[in-house]
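The values are calculated or read from the model by the stated rules, or taken from the named source; none is laboratory data. Worth saying up front: this structure is predicted, and the values here are computed from it rather than measured. Glycine also receives a Cβ, built like all others from the backbone with ideal geometry; neighbour counts cover every protein chain displayed. Protein only, heavy atoms only, side chains kept; ligands, DNA and RNA dropped before computing areas. Shrake-Rupley method; radii C 1.70, N 1.55, O 1.52, S 1.80 Å.
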Amino acid sequence: MARAQQVDSYMTIMTLMEQFHSEEKCRQILEQFRWPDGVECPRCQGHKHSTVGDRNQYDCLSCGYQFSVTSGTIFHDTHLPLKKWFVAIYLMVESKKGMSANQIKRVLGISYKTAWYLCHRIRAAMTEHNPPQLNGTVEIDETFVGGRLRGEGRGTGNYMKNKALVIGIVQRGGKIRLQKIASRDRKSLHQFIKEHCAPDMELIITDEWAPYEGIADQNTRHETVNHKEKEWVRGDIHTNGIENVWSLLKRSVVGTYHKISAKHIDAYLDELEWRFNNRANLYLFRDTLLKLIGAANLEYKTLVAS
């Protein structure tokens, strides 16, 4: 079966509503993406099946397993209409600063709990597992994300207790990698850099923070800008790219989400990473939908477990 042509073009909210206005249309596109060569049993990979009445299910004639296009996917056991899923996916990937669960709740006319769970299931599917290493010239920096405790100023010991430490790396003209870390020490920073930078990286640019020292080798230069001395740019040596990412992240927290728990911050970082890395992708809705089809279901009890 050929790839669904109706999502091989730039998607707008109007075309989304026109093309996927019914459950039947939504299921058709999911089936074309999940089973391009025809319906396949997720248990035995058999291709012989019969339909189960009007329940949108199939009965495998090889192993007897009953399944649907959503079986074993992130859509499994959802009580929410698929067309509402599609709208939520579109809003989350096309909103530069993200979309809060409260806004999804108002747009879709659902409860906050349902909206919150829906958003986290979509974020879980956006996670890129084992992404390729970055190369060329990269900028690296850390920042603290989160609110401050009420009544605590910068000079108090409790000021940072409600904040999470995040490190980021951006390849100039390329992609970003973001991650919550426990410490700004040498071991944590160097481990993150080695994980996400190719061994033959040309140039790493950081600020003057001492634990970054020693990251250079015979293949890679390390340059710094001294922010303490008000040095922001020296020729093409600067960290403006990663600073712009922090600006976008913090505007998302303040203007969209209002607060983010340290427990779930990696999920929000994955969402920003996916959206930023696909900022020039005209088929972002289609490609996000493909990721959701291939993603395992995220159970609510797992999401809220301590």
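What's the carbon and sulfur percent of the chain's accessible surface, probe 1.4 angstrom, rounded to a whole number?
48 percent
Between Arg55 and Lys180, what is the spin-label point distance in nm, taking each point 7 Å from the Cα along the Cα→C-beta axis?
So the label points at Arg55 and Lys180 sit 4.0 nm apart.
What FRET efficiency comes out for the pair Thr12/Tyr300, r = Cβ-Cβ distance, R0 = 25 Å, nearest 0.05?
For R0 = 25 Å, the calculated efficiency reads 0.20.
Quick check: residue separation of Glu128 and His264 times 0.36 nm, minus the Cα distance between them. What number comes out in nm?
Using 0.36 nm per residue and subtracting the Cα-Cα distance, I get 47.3 nm.
Mind checking which lysines have their C-alpha under 23 Å from Lys175, skipping anything on the same chain fewer than 8 residues away?
Lys96, Lys97, Lys194, Lys250, Lys291
Given H placed 1.01 Å from N in the peptide plane, which residues other than close sequence neighbours of Leu134 have an amide H under 5 Å from its amide H?
Answer set, sorted by chain and number: Cys197, Ala198.
Whole number in Å², please: accessible area per residue of the chain, 1.4 Å probe, ligands, DNA and RNA not counted.
With all protein chains present, the chain gives 53 Å² per residue.
What is the dipole size for region 206-277, taken about its Cα centre, with +1 at each Lys and Arg Cβ and -1 at each Asp and Glu Cβ, in debye to the nearest 20?
That gives a dipole near 420 debye.
Could you list which residues have their amide H under 5 Å from that of Arg221, counting only those 5 or more apart in sequence or on another chain, with H placed in the peptide plane?
HN-HN under 5 Å from Arg221: Leu203, Ile204.
Dipole of region 197-306 (Lys/Arg Cβ +1, Asp/Glu Cβ -1, origin at the Cα centre): which of Trp246, Thr288, Asn226 lies farthest to the positive side?
Thr288
Would you mind working out the magnitude of the charge dipole of the chain relative to its Cα centre, with +1 at each Lys and Arg C-beta and -1 at each Asp and Glu C-beta, to the nearest 20 Debye?
1220 debye
Under unit Cβ charges (Lys, Arg +1; Asp, Glu -1), what dipole magnitude, rounded to 20 debye, does region 9-74 have relative to its Cα centre?
160 debye
Between the alpha-carbon centers of region 15-64 and region 224-293, tell me the distance in whole angstrom.
36 Å
Read phi for every residue in region 191-203 and hand back ³J(HN,Hα) as whole Hz from Karplus 6.51 cos²θ - 1.76 cosθ + 1.60, θ = phi - 60°, with x for Gly and Pro.
Per residue, the Karplus-derived 3J(HN,Hα) values read 4, 4, 5, 5, 5, 10, 10, 5, x, 9, 3, 7, 8 Hz.
Report the Cys residues of the chain lacking a disulfide-compatible partner, meaning no second Cys Cβ under 4.7 Å from their Cβ.
So far as the 4.7 Å Cβ criterion goes, Cys26, Cys119, Cys197 stand without a partner in the chain.
Full-extension gain between Leu80 and Asp217, please, as 0.36 nm times their residue separation minus the C-alpha to C-alpha distance.
Extending this stretch completely gives an extra 44.0 nm.
Please list His227, His76 in order of solvent-accessible area, largest first, computed with a 1.4 Å probe with all protein chains present.
His76, His227
Looking at the square roots a ≥ b ≥ c of the eigenvalues of the Cα gyration tensor of region 16-147, which shape do they give, rounded for a/c under 1.5, prolate if a/b is larger than b/c, or oblate?
oblate
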